[in-house]
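Colleague: Dumping the structure here so I can ask a few things about it.
The values are calculated or read from the model by the stated rules, or taken from the named source; none is laboratory data. Just so it is clear, the model here is predicted, and its values are computed rather than measured. Every residue, glycine as well, gets a Cβ built from its backbone with ideal geometry; the counts of neighbours run over all protein chains shown. Ligands, DNA and RNA are excluded from the accessible area calculation, which covers all protein heavy atoms including side chains. Shrake-Rupley method; radii C 1.70, N 1.55, O 1.52, S 1.80 Å.
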Amino acid sequence: MCKDVTIDSESIELRSLLDETAALRESVTREGAALLREWGVDPRTLRPEDAAINLAHYVALRRHDLSALQLRLSAFGLSSLGRSEAKVAAALDALLATLRRLCGETNAHYPSRAEMQAGDDALAAACARIFGADATPRRTRVMTTLPSDAATDPGLVARLIEAGMDCARINCAHDDADAWLKMIENIRAAERGCNRPCRIMMDIAGPKLRVEGVRAPEKYRLVPGERLQLLSGFDNGRKGDVAVTLNAPSVIDQLVVGDEVCIDDGKAGGHVVEKSDGRADVEILFARAKGVRLKPGKGVNLPTTELNLSPLTRKDFADLDIVARHADLVGFSFVQRPADIELLQDHLAARRGDAPPQTLVLKIETPLAVRNLPRLMLHSARQHPTAVMVARGDLAVELGFARLSEVQEEILWLCEAAHIPVIWATQVLDQFVKEGVASRPETTDAAMSQRADCVMLNKGPFLVGGVAFLRDVLARMSRHQVKKFSRYAELRAWSRN
């Protein structure tokens with residue numbers, strides 16, 4: 001009697017799970033189509049395998065709280081959909097097929113292995129197209145920001161490629177056109193000498209807000225409780241007060257009382273307490289214990305202000321003449337809206353002629369870019385191979401450091417759903433590259449970066465060693481992890497000697 005009751009309760013639960021999963025599948029299809037229309041895509045123009053459909057399905061799926069359903073599914077040893085990013089519809093259909101068979105529908109149809117694998121294959125193909133083919137299709141690539149010495153030291157570039165650099169980044173915010181051309185020449189020569197390909201990404205600077213001029217006592221440091229004037233020109237401020245001007249003076253008049261202001265990558269910050277034409281008074285609420293030096297060139301972030309700035313500056317337009325001719329990948333700093341992408345695409349097309357479109361790397365650095373990410377990816381991918389960079393420096397300041405880890409995970413998942421490679425960037429192995437010795441936290445960060453498709457190192461005197469160290473960490477982690485999928489490779493730490 002007890003056995004029959006148990007069987008009956010299990011049957012009821014399985015039927016309930018089937019009904020709920022079927023309703024979820026219908027909702028994902030319906031809501032996904034509505035999302036595509038909202039993003040400006042007509043679902044009728046797409047093929048079933050198009051990544052836009054899977055992206056819409058994934059966003060629709062994640063609008064539901066599936067926590068309780070996942071626990072109930074796992075109690076029967078069934079998929080909890082926790083690794084469905086690249087294949088949402090197929091994952092749901094496979095789960096439905098199993099539930100139907102458990103409920104007595106013996107002819108329930110499963111998706112084919114090719115259907116289940118199609119999303120992963122599409123992402124691997126995108127990585128090969130953007131970063132170069134590799135004997136290990138899902139290997140995480142390494143990108144390296146070239147120092148100025150790369151223009152004059154061909155051997156440095158060769159050593160970086162030999163150490164494992166897959167893509168060289170040229171930051172157009174530094175050096176000049178002559179130096180960039182010499183770097184490119186050295187990269188191409190090192191490719192031939194090492195018999196190993198290396199892509200080139202040229203990163204256009206964009207409208208990065210920086211301190212331009214400083215009016216302060218000698219050796220002054222900004223501390224909590226101080227007031228700082230942001231001025232469009234020093235003649236707009238009160239004489240004697242600590243003040244800075246910005247490289248984009250027009251943003252001063254876009255600020256209102258209460259807006260947040262961060263200085264020097266978030267080392268100090270506060271909010272606007274008084275506002276007038278060409279001037280914003282900022283009360284400093286936090287700063288490093290020793291205070292923060294005000295220097296020209298230091299970054300300024302306005303996390304709560306949606307700035308009305310062109311995504312391309314006068315300098316960017318000039319730099320595009322070289323970028324359009326020589327870059328394999330174009331890094332798009334501070335992209336926020338689909339119209340930004342259209343502007344860059346138009347200028348690249350005008351300079352490229354009949355040459356094939358370059359890869360656009362969308363650098364996600366602001367809350368608005370995060371909110372618009374599905375639209376940005378779809379808009380870019382219509383005309384260009386596309387990748388996404390999680391630019392964790394500005395993103396941490398703009399979102400708040402407490403939110404960074406959560407948001408970077410969500411971006412990883414969303415890019416996998418769009419079958420678009422993602423680059424993990426900013427301060428990876430920063431201490432190692434600068435000092436030659438890794439810290440424990442950054443080693444863990446490097447290990448976690450293996451879930452991305454490419455990892456970027458910044459420049460420093462120990463960069464070659466940093467590339468080799470990162471390559472070793474990534475290779476070790478690849479035995480155990482692919483995206484969110486845990487590989488159960490043999491564990492050797494407790495093997496008998």
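Colleague: For the stretch 40-102, what mean projected area does the convex hull of the alpha carbons give, in nm²?
Modeller: Dividing the Cα hull surface by four gives the mean projection, 5.0 nm².
Colleague: At q = 0.08, 0.09, 0.13 Å⁻¹, what is the log10 ratio I(q)/I(0) for the chain, with the Debye formula run over Cα points and no solvent?
Modeller: The Cα Debye sum returns log10 ratios of -0.58, -0.72, -1.30.
Colleague: On to the next question. Percent of accessible area on the chain owned by carbon and sulfur, 1.4 Å probe?
Modeller: Carbon plus sulfur share of accessible area: 51 percent.
Colleague: I would also like to ask the following. Taking R0 as 35 Å, what's the FRET efficiency between residue 212 and residue 350 from their Cβ-Cβ distance, rounded to 0.05?
Modeller: Here the calculated transfer efficiency is 0.70.
Colleague: May I ask you to give the solvent-accessible area per residue for the chain, in square angstrom, as obtained with a 1.4 angstrom probe?
Modeller: Per-residue accessible area for the chain comes out at 47 Å².
Colleague: Using only the Cα atoms, what convex hull volume per residue in Å³ does the stretch 363-497 have?
Modeller: Value for the stretch 363-497: 130 Å³ per residue.
Colleague: Ordering 432, 286, 469, 401 from largest to smallest accessible area (1.4 angstrom probe), what's the sequence?
Modeller: 401, 286, 469, 432
Colleague: Taking 7 Å along the Cα-to-C-beta vector as the label spot, tell me the residue 103-residue 38 distance in nanometres, rounded to one decimal.
Modeller: Label at residue 103, label at residue 38, 2.9 nm between them.
Colleague: Shifting gears a bit: Of the GluC sites (Glu not before Pro) in the stretch 98-171, which ones lie in a loop per DSSP and count no more than 16 other C-beta atoms within 10 Å?
Modeller: 105
Colleague: Residue separation times 0.36 nm, minus the C-alpha to C-alpha distance between residue 368 and residue 434: what's the value?
Modeller: Contour length minus the Cα-Cα distance gives 20.5 nm.
Colleague: Residue by residue through the stretch 290-304, which ³J(HN,Hα) values in whole Hz follow from phi under the Karplus form 6.51 cos²θ - 1.76 cosθ + 1.60 (θ = phi - 60°), with glycine and proline marked x?
Modeller: 8, x, 10, 6, 8, 9, x, x, 5, x, 10, 10, 10, x, 9
Colleague: Right, another one. Select from 348, 335, 408 the residue farthest towards the positive end of the dipole of the stretch 324-409; place +1 on Cβ of Lys and Arg, -1 on Cβ of Asp and Glu, and compute about the Cα centre.
Modeller: Comparing the listed Cα positions along the dipole, 348 ranks first.
Colleague: Show me the GluC sites (Glu not before Pro) within the stretch 171-246 that DSSP assigns to loop and that have at most 12 other Cβ atoms within 10 Å of their Cβ.
Modeller: Passing sites in the stretch 171-246 are 218.
Colleague: Right, next: Given H placed on each backbone N at 1.01 Å, which residues far from residue 313 in sequence or on other chains put an amide H within less than 5 Å of it?
Modeller: 206
Colleague: Each residue of the stretch 272-282 in turn: what ³J(HN,Hα) in whole Hz from Karplus with 6.51, -1.76, 1.60 and θ = phi - 60°, glycine and Pro shown as x?
Modeller: Ordered by residue, 3J(HN,Hα) equals 6, 10, 8, 9, 8, 4, x, 8, 9, 8, 10 Hz.
Colleague: Please list log₁₀ I(q)/I(0) at q = 0.17, 0.21 Å⁻¹ for the stretch 132-258, using the Debye equation with identical point scatterers on the alpha-carbon positions.
Modeller: -0.85, -1.11
Colleague: From the protein chains alone at 1.4 Å, what is the descending order of accessible area for 384, 326, largest first?
Modeller: 326, 384
Colleague: How big is the Kirkwood radius of the stretch 314-357, worked out from every pair of different alpha carbons and given in Å to one decimal?
Modeller: Over the stretch 314-357, the inverse of the mean reciprocal pair distance is 10.9 Å.
Colleague: Per-residue ellipticity at 222 nm for the chain, helices alone: DSSP H runs ≥ 4 residues times -39500 (n - 2.57), over residue total, nearest 500 deg cm²/dmol?
Modeller: -14000 deg cm²/dmol
Colleague: Step through the table entries 239/434; 208/275; 182/219; 239/363, compare each Cα-Cα distance with 29 Å, and write down the pairs that go over it.
Modeller: Pairs exceeding the cut-off: 239/434; 182/219; 239/363.
Colleague: Pairwise over distinct Cα atoms, reciprocal of the mean inverse distance: report the Kirkwood radius of the stretch 14-173 in Å, one decimal place.
Modeller: Mean inverse Cα-Cα distance, inverted, gives 18.9 Å.
Colleague: Could you tell me how many degrees, from 0 to 90 and to the nearest 10, lie between the Cα long axis of helix 401-417 and the main elongation axis, the longest principal axis, of the Cα atoms of the chain?
Modeller: Helix 401-417 sits at roughly 50 degrees to that axis.
Colleague: Can you compute the modelled spin-label distance between residue 219 and residue 173, with each label point 7 Å from Cα toward Cβ, in nm?
Modeller: It is 3.0 nm.
Colleague: Would you please give the FRET efficiency between residue 11 and residue 110, computed as 1/(1 + (r/R0)^6) with r the Cβ-Cβ distance and R0 = 22 Å, to the nearest 0.05?
Modeller: Efficiency at R0 = 22 Å is approximately 0.55.
Colleague: Convert each backbone phi in the stretch 90-107 into a coupling constant with the Karplus relation 6.51 cos²θ - 1.76 cosθ + 1.60 (shift: θ = phi - 60°), then list the ³J(HN,Hα) values in order as whole Hz, x for Gly and Pro.
Modeller: Going residue by residue, I get 5, 5, 5, 5, 5, 5, 4, 4, 5, 5, 5, 5, 5, 8, x, 8, 5, 9 Hz, with x marking Gly and Pro.
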